[in-house]
Each structure stands twice: as structure tokens, then as C-alpha cells.
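Here the structure is laid out as C-alpha cells; the discussion comes afterwards.
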Amino acid sequence: MTLAMLGEAWRAMGANKMRTILTMLGMVIGVGAVVLMMAIGQGAQYAIGQTISAMGSNLFVLLSGSSQTGGVRTGSGSALTLTVADADAIAELPGVQASAPIHPGSAQVVYGPNNWNTAIIGSTPAYLDARAWPVVSGAAFTASDVRSATRVALIGQTTAQNLFGDEDPVGRTLRIRQSPFTVLGVLGSKGQGMDGRDQDDSLIIPLTTAQRNVFGTQFPGTVRMVMVQAASQEIMPQVEKSMTELLRQRHRLREGQEADFYLRNLTAVADSAAESTRVMSMLLGAIASVSLLVGGIGIMNIMLVSVTERTREIGIRMAIGARERDILLQFLLEAVIISVVGCFIGLLLGIGGAWLTQLLTDTMVIISGSSVLVAFGVAATVGIFFGYYPAQKAARLNPIEALRYP
Amino acid sequence: MNPEVIRIEGLGKSYQASAGAFPALKAVKLTIRKGEFVAIMGPSGSGKSTFMNILGCLDAPTIGRYEMEGRSVAELDRDELALLRNRTIGFVFQGFNLLPRMTLRDNVALPLIYCGVKKAERQARAETLLVKVGLADKADSLPNQISGGQQQRVAIARALVNRPSLLLADEPTGNLDSHTSLDIMALFETLNHEGITIVLVTHEPDIARHAKRQIHFLDGGIVSDQMTEELTA
């Protein structure tokens with residue numbers, strides 16, 4: 001019965017090929033657009049998620065304040081108001097997972113005939129925890145290395161590639177400003193940071209070594225910045241508050257006096273980037289869905305025309321015993337076939353388009369099983385929804401009036 | 001006497017026109033028994049086609065009682081009426097009304113789709129009927145590839161494929177030349193001999209003469225009801 005109906009629907013569609021193809025095209029474009037846009041949106045979301053997790057989560061950065069001497073204000077970090085002791089005190093606060101004082105800089109690094117200018121980060125083992133930065137071969141330096149200011153280094157992937165090529169850097173000795181350093185370990189790859197800089201082009205050494213042997217500092221025990229990681233995103237506001245209070249107290253700032261440090265919430269920046277990506281991908285999906293809706297209305301339009309054209313046929317079928325549901329099913333099947341076949345072609349087109357996008361523009365695209373399922377579900381629903389009214393119109397016809405139709 | 005197939009009492013049908021209700025049928029009373037061959041005659045506007053459509057359950061009467069094989073048709077819902085048209089009644093139209101894009105075999109088999117007969121059996125029964133109307137070799141042709149007379153034969157085959165007990169024909173020879181008309185009437189006579197009850201509408205006395213009983217309609221009512229033997233005697 002249903003099989004015979006399918007055959008009939010197929011025959012009816014074949015009788016008006018051009019019209020069927022054009023109607024189908026509406027669905028093809030709609031589904032193709034939805035699949036492509038969802039793939040691009042999900043790709044962007046994934047890429048931003050990667051960047052964020054590479055940065056480390058729930059991070060604050062404390063910067064030393066600016067100094068003011070005779071009306072000239074220098075930039076942040078120029079007056080070294082933050083101390084290693086501050087960082088240690090912050091580490092004791094509830095909700096703080098890691099607190100790492102940092103002395104950043106850059107220097108020429110030499111190994112054998114190769115030399116390379118790279119970012120040098122002087123810090124403590126807590127820095128690796130805060131950034132969620134693993135050591136992939138060798139080992140990290142320890143707190144005792146920091147205490148005794150040993151000349152050891154952890155090397156980033158890009159730096160390692162430029163200095164050592166295919167050689168294993170672990171255990172080798174490189175030179176930073178003439179001082180020999182033993183490479184203890186190689187860091188995992190972090191990729192591009194939020195600012196676009198290659199995070200793997202770096203070298204991490206103990207804070208004390210950086211301050212005493214590499215860069216030197218006028219005020220021992222002070223640092224330009226401290227990176228702080230909160231235990232979870234929910235408690236970040238509390239941590240921010242208690243940290244500010246602690247520092248004001250330690251720096252003996254009176255009520256109303258300007259703080260001599262800056263506190264930045266890095267996660268907030270990342271979150272807004274993630275949020276805007278999410279909104280963008282939703283917007284893309286919504287715009288694409290409109291074309292799906294238009295495709296559905298196209299089906300309804302053509303089915304209405306088809307029902308009118310075939311009024312007499314409907315009358316004949318009723319006269320020889322077709323029930324209402326037989327006629328309903330016949331026209332509904334036609335609408336559903338058009339939308340499902342259109343959906344299938346649109347799916348292939350959307351996947352092909354996504355693949356081409358990735359190939360030509362280097363944009364990351366992700367086609368998830370769920371987006372394919374959603375597209376198919378929507379197509380079947382559109383077919384039934386927009387096919388039902390014309391089909392019902394056909395089924396409700398009065399047999400004698402339908403037979404008299406010219 | 002044979003059992004009653006159709007029993008009609010006080011049947012009336014009126015259409016709503018701008019000038020008020022226009023009566024097409026008035027108080028028609030008629031009984032048709034199994035095995036009869038009835039011709040309904042009358043000029044245009046006499047109500048014979050309206051009557052035929054009511055007999056075929058395509059249209060509903062305004063008032064009156066219509067019983068088909070003892071069941072009151074007015075009490076049937078749309079699905080039951082469809083079943084009646086599918087199983088009990090075979091309808092032949094003046095304009096043949098074959099579906100243009102289907103082969104003759106599929107056209108004849110069409111009513112069987114609506115009562116759930118399997119494909120192989122549908123095809124077999126359709127071919128049997130095509131043999132019976134003398135068109136076995138044209139099973140794969142399309143309706144526009146054969147003549148009007150042949151199309152009407154296919155329509156008759158379609159009407160008979162579900163073994164109805166009643167065959168209704170509305171001006172079956174109206175679109176055919178006299179020679180072909182005779183062929184069709186001969187076919188009806190053969191079918192009637194095999195026991196099928198036939199009611200046909202015509203306005204040609206030559207055609208009506210093939211029937212056993214002739215009923216004349218005028219202005220929505222029956223004016224005469226006679227056996228053909230009595231008329232020719």
C-alpha cells in the first residue's frame with residue numbers, strides 16, 4: 001500500500017521534473033546553508049576554546065603600579081611595587097590555586113653555532129601550574145632551584161627547533177648572555193596566544209636566576225608581575241576582592257589612596273571572545289534557517305498548485321474508492337520526498353562547501369553528527385508541516401465537485 | 001424474486017441558487033433488484049445525472065432514504081462511503097476518466113491499491129480484466145495511445161476489477177461513435193448475463209433498448225418505468 005503510494009508520488013514528481021527540481025532547490029539551498037554555517041560556527045567555537053584552554057583558565061595578572069616623579073607618570077610595571085613576598089602571601093589566600101611572580105624579558109640565546117632571540121620568563125614552578133603548561137620531555141625545575149638560583153631552563157618548542165633542530169635539547173647546555181644554562185625539559189606546544197604571539201617561542205628559567213644573573217634588578221625581591229590562578233571560575237570575584245584587600249594592606253595604602261598595582265582578569269577577555277563567537281555562530285545558523293523556511297514555503301506553494309491542477313484526478317480516485325487518508329498520504333508523501341531528497345543533496349553540498357572553505361581559507365570547520373541529524377529532522381518536519389495543509393485540502397475535496405473540475 | 005440491491009424512497013435533492021433552493025430531484029421512489037439491467041433516460045436537466053451521482057455515493061441526497069443492499073447510505077461516514085465505492089460499486093463515466101500518466105494495466109489495478117491487495121495480485125487481476133474487455137495486448141500502453149472506445153473498455157475493466165455487485169454508467173457511449181457504442185453495449189449485455197446489476201444513464205433510445213428496463217426522468221421525477229419487452233411489443 002505505502003510502497004504503491006511511493007511509486008505514485010515518484011511518478012507524479014517525474015511528470016513535472018522542472019518544477020520538482022526547482023522546488024527541491026529551495027530545500028537544497030536551505031539545508032546546505034544551515035550545514036555550512038553550523039560547520040563554520042562550530043569550527044570557530046572550537047578554535048577559540050583551544051586558544052582559551054591554552055592560555056590557562058581562571059587567571060588574574062597583577063602588574064606593578066606606575067611611579068609618579070615630579071608630575072611625569074611612567075607606565076605600569078615601571079615602579080616595582082609588587083614583591084615575591086606579595087606573591088607568596090596571595091598563594092595563601094583561600095580559593096587561590098597558584099600564584100607565580102614573573103620577571104619577563106628577552107635575550108639572545110646561543111647553542112653551538114645557532115643563536116636566537118627569544119622571550120625569557122623568570123618565574124617559579126607555580127607558573128607552569130597556572131598556565132597549565134606541561135613539560136613533555138625531561139623535568140621541570142623545582143622550588144629549590146628557585147631558592148638557590150641555579151642555571152637551568154625549560155625550553156619552548158619553537159625555541160628548541162631554532163636552536164637545536166632535530167637534536168634532543170634535554171641535558172644540553174645553552175648560553176644566555178654568556179651564562180651557561182642546562183636545559184632541564186622541553187615544554188608542550190601552546191600555539192598562538194590571544195595576542196597572536198607564538199607562545200612556544202620562549203624559555204622559562206627560575207625567577208631568582210633571571211633577576212640576579214640575566215637581567216639584574218635594582219630592588220631584589222620585587223617583580224613586575226604576578227600571575228594568579230583561582231580554583232574555579234565561580235569564585236573569581238571573591239578572589240579578586242580578597243587579593244585587592246590583602247595587597248592594599250600589605251602596601252599600607254590608606255582608604256581612598258590610589259592603588260599602586262593593577263589587577264587584570266584574563267578570563268574575562270577570553271570569555272567575551274568565546275561569547276561573541278557563540279553569538280556569531282547562532283546568528284549564522286538563524287540566517288541560514290530563514291532560507292530553510294523559505295524553501296518550506298516553496299514546497300507548500302507548489303503542492304497547492306499541484307492539488308488544484310490534479311483536482312480531477314483526486315475526484316477520480318475518490319470515485320473508485322480512495323479514502324481521505326489515502327489522498328492525504330499521497331500528497332504528503334510527495335512533499336516529504338521532495339524535502340528529504342532536497343535535504344540529502346543539500347547535506348552533500350553543505351559538507352562539500354565546508355570542506356572547500358577549510359581548504360581555501362584555512363578556517364577551521366567542524367561537521368558534527370548532530371548538525372547532520374538536525375538538518376534531516378528539520379527537512380522531514382518542513383516537508384510534513386508545509387505539505388500537510390495542501391494534502392488536507394486535497395483530501396477534504398467533495399468527490400462530485402472534484403470530478404466536475406474542468 | 002431476486003434480492004433488492006437498491007431501494008429508494010422519497011428521495012429529493014435541491015441545490016442552493018441565488019434565486020432560492022432549486023429542486024433537481026423530487027420524491028423519487030425506485031427499487032432495483034439483483035441482475036437487472038436498467039437504462040435511465042430523460043432530457044438534459046431532468047435530474048438523471050444527479051440521480052446517478054447519488055446512486056454512486058458521490059453525492060448525498062437532501063432528503064429521503066437510500067438503501068444499498070439493505071444498509072442506509074445516509075448513516076455511513078466518509079470512509080465507509082469510500083469502501084462502498086471501492087467494493088460494491090463500479091462507476092463508468094462519459095469522459096472515461098482514466099489517469100493519463102499510468103499504463104492501462106495500472107489504471108485498471110488502481111482501485112485495488114485502496115483495499116490493500118498485493119502488487120502481484122493487482123497486476124494479475126488487472127490483466128484478467130483487460131483480457132475480458134479484449135485489450136490484453138495493450139496493457140503497457142498509455143490512455144492517449146488508444147481510441148475512445150478502447151479507453152471506455154479500460155474504464156469498464158477498472159470498474160469491474162474489484163468484483164462489484166453494481167455497475168453504474170453515466171452516458172458511457174456519449175463520447176463514442178455509433179459503431180463503437182454498439183460494441184460497448186454488447187459488453188454490458190455480456191456482463192449482465194454473468195449476473196452483474198447494471199444501471200446506465202443515456203438519452204439515446206437506441207442505447208436504452210439494450211437494457212431490460214427503461215426509466216424516464218422529467219423535471220426531477222420518474223414519469224415512466226417499463227420493461228423493454230413491453231415497449232417493443
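The values are calculated or read from the model by the stated rules, or taken from the named source; none is laboratory data. In this text, all values refer to a predicted model and were calculated from it rather than measured experimentally. Cβ sites come from the backbone with ideal geometry, for glycine too, and all protein chains shown count toward neighbours. The area values use the complete protein model at the heavy-atom level, side chains included, leaving out ligands, DNA and RNA. Shrake-Rupley method; radii C 1.70, N 1.55, O 1.52, S 1.80 Å.
A few comments on the model shown:
- Buried on assembly, the range A:317-335 (at least 10 Å² less accessible surface than by itself, 1.4 Å probe): A:Arg317, A:Met318, A:Ala319, A:Ile320, A:Gly321, A:Ala322, A:Arg323, A:Glu324, A:Arg325, A:Asp326
- Of all DSSP beta bridges in the protein assembly as shown, antiparallel share, percent nearest 5: 70 percent
- Pairs of Cα atoms nearer than 8 Å and 6+ residues apart set the relative contact order; for chain A it is 29 percent.
- Max mean-square fluctuation residue, GNM over chain B, Cα-Cα springs under 10 Å, options B:Ala19, B:Ala136, B:Ala27: B:Ala19
- Dipole magnitude for chain B: computed about the Cα centre from +1 point charges on Lys and Arg Cβ and -1 point charges on Asp and Glu Cβ, it is near 560 debye.
- Contact order relative to length of the range A:111-188, as percent, for alpha carbon pairs under 8 angstrom and 6 or more apart: 40 percent
- Largest-first ordering by accessible area, 1.4 Å probe, given options B:His179, B:His210, B:His203: B:His179, B:His203, B:His210
- Buried area at the B:A interface is about 2400 square angstrom, summed over both chains, from accessible surfaces computed with a 1.4 angstrom probe.
- Comparing A:Arg151, A:Arg254, A:Arg224 in a Gaussian network model of chain A where C-alpha atoms under 10 Å apart are linked, the largest mean-square fluctuation is found at A:Arg254.
- Note on B:Met41: accessible area approximately 10 square angstrom, rounded to 10, probe 1.4 Å, nucleic acids and ligands left out.
- The C-alpha atoms of chain B define a longest principal axis, and helix B:104-113 lies at about 60 degrees to it.
- When A:Asp168, A:Asp198 are compared by accessible area of protein heavy atoms, the largest-first order is A:Asp168, A:Asp198, using a 1.4 Å probe.
- Of all DSSP-defined beta bridges confined to chain B, some 60% are antiparallel rather than parallel.
- Per-residue SASA entry for B:Met68, accessible area with 1.4 Å probe, Å² rounded to 10: 10 Å²
- The residue among B:Ile207, B:Ser181, B:Val154 whose Cα reaches farthest toward the positive pole of the charge dipole of the range B:153-233, with charges on the beta-carbon of Lys, Arg, Asp and Glu, is B:Val154.
- Degrees separating the helix A:324-361 axis from the principal Cα axis of chain A, which is the longest one: 30 degrees
- DSSP-assigned coil residues among trypsin sites (Lys or Arg not before Pro) in the range A:300-406, each with at most 14 further Cβ atoms within 10 Å: A:Arg396
- When B:Glu230, A:Glu234, A:Glu167 are compared by accessible area of protein heavy atoms, the largest-first order is A:Glu234, B:Glu230, A:Glu167, using a 1.4 Å probe.
- Average beta carbon contacts from partner chains per residue of B:85-94, 10 Å cutoff: 3
- The C-alpha atoms of chain A define a longest principal axis, and helix A:266-309 lies at about 10 degrees to it.
- Protein heavy-atom surface of the protein assembly as shown, 1.4 angstrom probe: 57% of the accessible area is carbon and sulfur, with nucleic acids and ligands not counted.
- Estimated from the Cβ-Cβ distance and a Förster radius of 51 angstrom, the FRET efficiency linking A:Ser232 and A:Arg325 is about 0.30.
- Taking B:Ala24, B:Ala60, B:Ala120 as the candidate residues, the one with maximal mean-square fluctuation in a Gaussian network model of chain B, Cα springs under 10 Å, is B:Ala120.
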